[in-house]
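See structure below.
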Amino acid sequence: MSEYGVMLAEKQKAKYTYGVLERQFRNLFEKAAKADGITGEVLLQSLESRLDNVVFRLGIAPTRAAARQLVSHKHIVVDGQVVNIPSYSVKPGQIVGVREKAKSLEVIEAALAGFNHSKYPWLEWDENTKSGKFLHRPERADIPENIKEQLIVELYSK
């Protein structure tokens, strides 16, 4: 495969992993390029702080697609307010939880049952309220996704 092909494949993998379409991904990249810090790292942090991804990471949903659906169907609250925008960017200190009406949903109970909540150092889970706190943006070393963000930066820099 050509060098360009390798970079493109890496970008496609990132888009597919996080369930983001091209335009949104491009916008996230452009914001990351303007922000302070390493562009690739900032891009991954932006993807990790999306509401659908935070819901997935907290174990409220078994997959990112399921998390996206829970958010769209108004089962998720951020700081007590219902948010139905999967791309909503969660800020450090915000609390993401399950809406009171939705706490008994089978899909949520099943997902939470076998989940290790201490897996991610940037999230804190509270079992009693079925909510998690987004402590801070994750460091690159803490993000488990196998994405070579430098290739994505190089691709967009062409």
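The values are calculated or read from the model by the stated rules, or taken from the named source; none is laboratory data. What you see is a predicted model; the values in this text were computed from it and never measured. In this analysis, Cβ positions are derived from the backbone assuming ideal geometry, glycine residues included, and neighbour counts consider all displayed protein chains. We work out accessible area using only protein heavy atoms, side chains counted, and drop any ligands, DNA or RNA first. Shrake-Rupley method; radii C 1.70, N 1.55, O 1.52, S 1.80 Å.
Observations on the structure shown:
- Selection of the stretch 58-78 for residues being closer than 18 Å to Tyr88 by Cβ and either among the hydrophobic types (A, V, I, L, M, F, W, C) or open to solvent by less than 10 Å² (accessible area, probe 1.4 Å) (or both) yields Leu58, Ile60, Ala61, Ala65, Ala66, Ala67, Leu70, Val71, Ile76, Val77, Val78.
- Residues that are assigned to a loop (DSSP other than H, G, I, E, B) and either more than 26 Å from Asp79 (Cα to Cα) or free of Cβ contacts under 8 Å to residues at least 12 places away in the same chain (or both) within the stretch 140-158 comprise Pro144, Glu145, Asn146, Ile147, Lys148, Lys158, listed in sequence order.
Let's see how each residue does on (1) under 23 Å from Phe134 (Cα atoms); (2) at pLDDT below 90; (3) touching a Leu at 6+ places or on another chain (Cβ under 8 Å):
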| residue | (1), (2), (3) |
| --- | --- |
| Gln12 | no, no, no |
| Lys15 | yes, no, yes |
| Phe29 | yes, no, yes |
| Lys34 | no, no, no |
| Leu44 | yes, no, no |
| Arg50 | yes, no, no |
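- Out of Lys133, Lys119, sole residue that is closer than 30 Å to Ala102 by Cα and either among the polar types (S, T, N, Q) or modelled with pLDDT of 90 or more (or both): Lys133
- Within the stretch 1-39, being surrounded by fewer than 17 Cβ atoms within 10 Å (Cβ to Cβ) and among the small types (Gly, Ala, Ser) holds for Ser2, Gly5, Ala9, Ala33, Ala35, Gly37.
- Residue check for Ile85: open to solvent by 50 Å² or more (accessible area, probe 1.4 Å) and out of contact with any Lys or Arg (no Cβ under 8 Å at 6 or more places or on another chain): yes
- Filter result for the condition that a residue is among the β-branched types (Val, Ile, Thr) and either within 19 Å of Ile147 (Cβ to Cβ) or at pLDDT 95 or above (or both), over Val54, Val90: Val54
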